[in-house]
Structures are given as structure tokens and as C-alpha cells.
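Inspection log for the structure reproduced underneath, given as C-alpha cells.
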Amino acid sequence: MISVVIPVFNRKPFVKEMINCIISQTYSDWELILVDDGSLDGTFEMMLQYSDVHDKIKVIKRERLPKGGQTCRNIGLDFASGEYIIFFDSDDLVSYTCLEKRHEFMELNKEIDFGIFPAKSFSDPLYFDKMSSNVMIWGVKRNNDDLSLFLSANHPFIVWTNIYRRLPLIEKKIRWDENVMLYQDFDFNISTLSSRLKYKYSTSKREGFDYFYRLNYEHDTISKHHVSKEKFSSTIYLINKVFCILELNDSSKYKNIFFSFILNYYKNIINSKSYEYIPDYLKFCKQYYKNTNTIKLEICFILIVKIKKYRIQQVLFKILLFVLFPKREFFEIIKYRFKNFIYLAERTISREKL
């Protein structure tokens with residue numbers, strides 16, 4: 001059996017679409033565990049209506065702290081009884097053959113702990129499977145070092161692209177860190193990689209995508225990315241945690257790569273106008289990076305805060321990033337987008353040969 005765990009918070013119209021996707025699956029041996037994070041828009045009541053009709057659907061209300069998707073997923077993991085477990089988001093879509101194909105893949109690859117499947121973004125629900133060169137793609141093998149991709153802020157896969165055997169997660173004590181308020185998916189994937197779980201990508205381009213990530217709508221998600229005192233402290237905690245993991249691996253190789261993540265959060269702080277956190281962040285970074293990179297960050301901050309108009313600040317900030325970090329800000333992005341384009345082209349050719 002496959003246990004599908006979905007954390008939910010005020011997602012009424014979208015949760016309904018996702019639930020209907022699961023109910024319509026061609027694979028029938030599943031259970032759906034919906035963990036409500038304190039919805040106030042009628043989502044919880046709507047989910048209870050589904051559970052009253054479908055005995056495979058369980059609705060659980062989070063009754064302990066902390067609030068957030070990480071806690072809800074742990075609660076779902078505790079209630080799960082399937083051999084396999086999948087973590088989906090409440091506002092996305094999946095293909096009707098998603099569970100069937102993932103189960104078949106795991107049965108054919110008994111040696112792996114989790115399998116990875118292609119997913120794409122969409123903004124128009126009427127054309128969620130439409131292919132274009134500007135879509136975001138995950139779950140596609142890009143090189144032989146996924147850890148380096150995660151550390152450089154390029155996610156080769158997301159938790160919802162994966163299906164896990166539940167027993168290895170339990171044996172390795174892999175859970176969602178409830179102290180992490182941002183980058184929860186990043187943290188979970190780093191944990192699976194550092195725990196040496198065995199995995200494999202599904203390589204069939206003919207079958208296409210089985211997960212569709214929704215973009216471009218206004219909402220209050222569980223993991224909304226904004227900077228606050230609590231989330232800043234949480235991110236410092238996460239960065240320290242990652243460095244501890246790197247010390248157990250090849251720190252000399254990955255430390256420089258991880259600076260891309262450091263830079264990415266720096267951009268989040270600047271873009272959210274939370275300048276009061278910059279001095280502490282730079283002081284923290286100097287513990288690990290006593291080189292020109294931290295000096296460049298300081299120069300960037302000093303120059304932009306002297307300008308009072310926010311729009312001018314943002315323009316100058318982007319210019320400075322390209323000047324100070326040209327490789328990280330340009331070439332890596334182009335490389336990532338190019339690989340997306342190549343995958344789309346290969347998939348189109350494969351489907352035309354059918």
C-alpha cells in the first residue's frame with residue numbers, strides 16, 4: 001500500500017482538486033492522510049466530508065506545536081501504514097497514473113529506498129501539461145552529484161517527485177526537522193542524501209510528468225518565504241546543521257558550493273527589505289567563509305543602504321550581484337535552464353516516436 005501524506009492550511013479549492021486526483025488513481029491500494037494545520041476557511045470541514053464517504057481518506061488536525069508543514073508531515077508519517085510513502089502538497093496536481101507508475105517502478109527496483117519522477121510547473125490549470133521552454137522541471141537526472149546541486153540552490157528533485165519505502169526512513173530515523181521553518185524540503189533531501197539512502201531516477205521520457213506544481217497565485221502557504229526573527233534564526237540553525245553534515249563528508253569540496261545557498265538567502269533578506277538582519281548574517285557567514293566572498297557581500301550591503309528609494313536599491317543590488325558574482329548569477333542559471341530545454345526536446349521526440 002502507498003500512504004500519501006498532505007499537509008493542509010486554508011487550501012479549500014485546491015485541496016479538493018488534489019483529493020479528486022488521488023481518488024481517480026488507476027492504482028487502488030492507497031491511503032490518503034490529510035493533516036490540517038489550523039485552517040479557517042472551511043477546508044477542514046470539506047476534508048471531513050470526503051473522509052465520511054471514502055474510508056481510504058484520513059483527516060487529522062494538528063494538535064501540537066510547532067505550527068507548520070514539517071510538523072504536519074511528521075504527524076502523517078506517524079499515522080502512515082503503507083509500505084511506501086509519498087509527500088504531496090495540497091495545491092498541486094498529479095496524473096491519474098502517478099501512484100501506479102511509481103509503485104511499479106519501486107517493485108522493479110527492489111534495491112532502492114526511493115524513486116524519483118519528473119515534475120513540472122504550471123500556471124494555467126487548463127493547460128497544466130503544456131510544454132514550453134520556460135517551465136521549471138524537477139526529478140530529472142542532471143549529473144552524478146545531487147548533493148552539490150542542492151548545496152548550490154539548484155534542486156534536482158523535490159520531496160513530491162519521490163516515492164519512499166517507509167521502513168528505511170524509520171530505520172535511519174529520517175524525519176522532518178520541526179526546528180526548520182524555511183527550506184524544509186531542502187533539509188529533508190539533504191538528510192536522505194547524507195544518510196546514504198539508495199535511489200534511482202525514472203528515465204522514461206515517453207511517460208511524461210506525473211506531478212504538476214502550481215505557480216502564480218496569491219495565497220498564504222505553510223512555507224511562505226518571508227524573513228522574520230523566527231525564520232532568520234531557523235535559517236541560521238539550518239546552515240549550521242548543513243555544515244555539520246559537510247564535516248562528515250568532503251567539506252573541502254562542498255563548502256564553496258554551499259556558498260550559493262548562503263548567497264540565495266542573502267538575496268531573500270535584501271529583497272524583503274529586512275536589512276536589520278544583514279549585520280548578524282554577515283557576522284555569521286564569516287565563521288565559515290573568511291574570504292573575499294563575505295567582503296563582497298559587505299560591499300554590496302554598504303552601497304545599497306545608502307540609497308533611500310527601494311526600486312533604485314533593487315536595481316543596484318541586481319547589478320552588484322552580477323558584477324561581484326558573475327558565475328553564480330549568470331552561468332549557473334543559464335546552464336540549469338539549458339538542461340531543462342534539452343529535456344523537453346528529448347521528451348517531445350520520444351513521444352513523437354510512439
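The values are calculated or read from the model by the stated rules, or taken from the named source; none is laboratory data. Fair warning: this is a prediction, and the values are worked out from it, not measured in the lab. Virtual Cβ from ideal backbone geometry, glycine too; neighbours counted across all protein chains shown.
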Those residues of segment 2-36 which are at negative phi and part of a loop (DSSP other than H, G, I, E, B), in sequence order: Phe9, Arg11, Ser24, Gln25, Thr26, Tyr27, Ser28, Asp29
Only listed residue being modelled with pLDDT under 95, assigned by TED's automatic domain parsing to the domain that holds Leu193 and surrounded by 18 or more Cβ atoms within 10 Å (Cβ to Cβ), chosen from Asp91, Asp145, Asp124: Asp91
Count of segment 156-209 residues which are closer than 19 Å to Cys72 by Cα and part of a loop (DSSP other than H, G, I, E, B): 12
Residue list for segment 295-343, restricted to those being modelled with pLDDT of 85 or more, surrounded by fewer than 18 Cβ atoms within 10 Å (Cβ to Cβ) and either of a type in the set (S, T, N, Q) or not assigned by TED's automatic domain parsing to the domain that holds Tyr266 (or both): Gln314
Evaluation of Ile22 against (1) surrounded by 21 or more Cβ atoms within 10 Å (Cβ to Cβ); (2) more than 29 Å from Leu182 (Cβ to Cβ); (3) not charged (D, E, K, R) (one fails), failing number: (2)
Meets criteria (surrounded by fewer than 19 Cβ atoms within 10 Å (Cβ to Cβ), at pLDDT 95 or above and closer than 20 Å to Ile33 by Cβ) for Gln49: yes
Of all residues in segment 220-240 being within 17 Å of the chain's Cα centre (by Cα) and at pLDDT below 90, the one that is farthest from Ile6 (Cα to Cα): His226
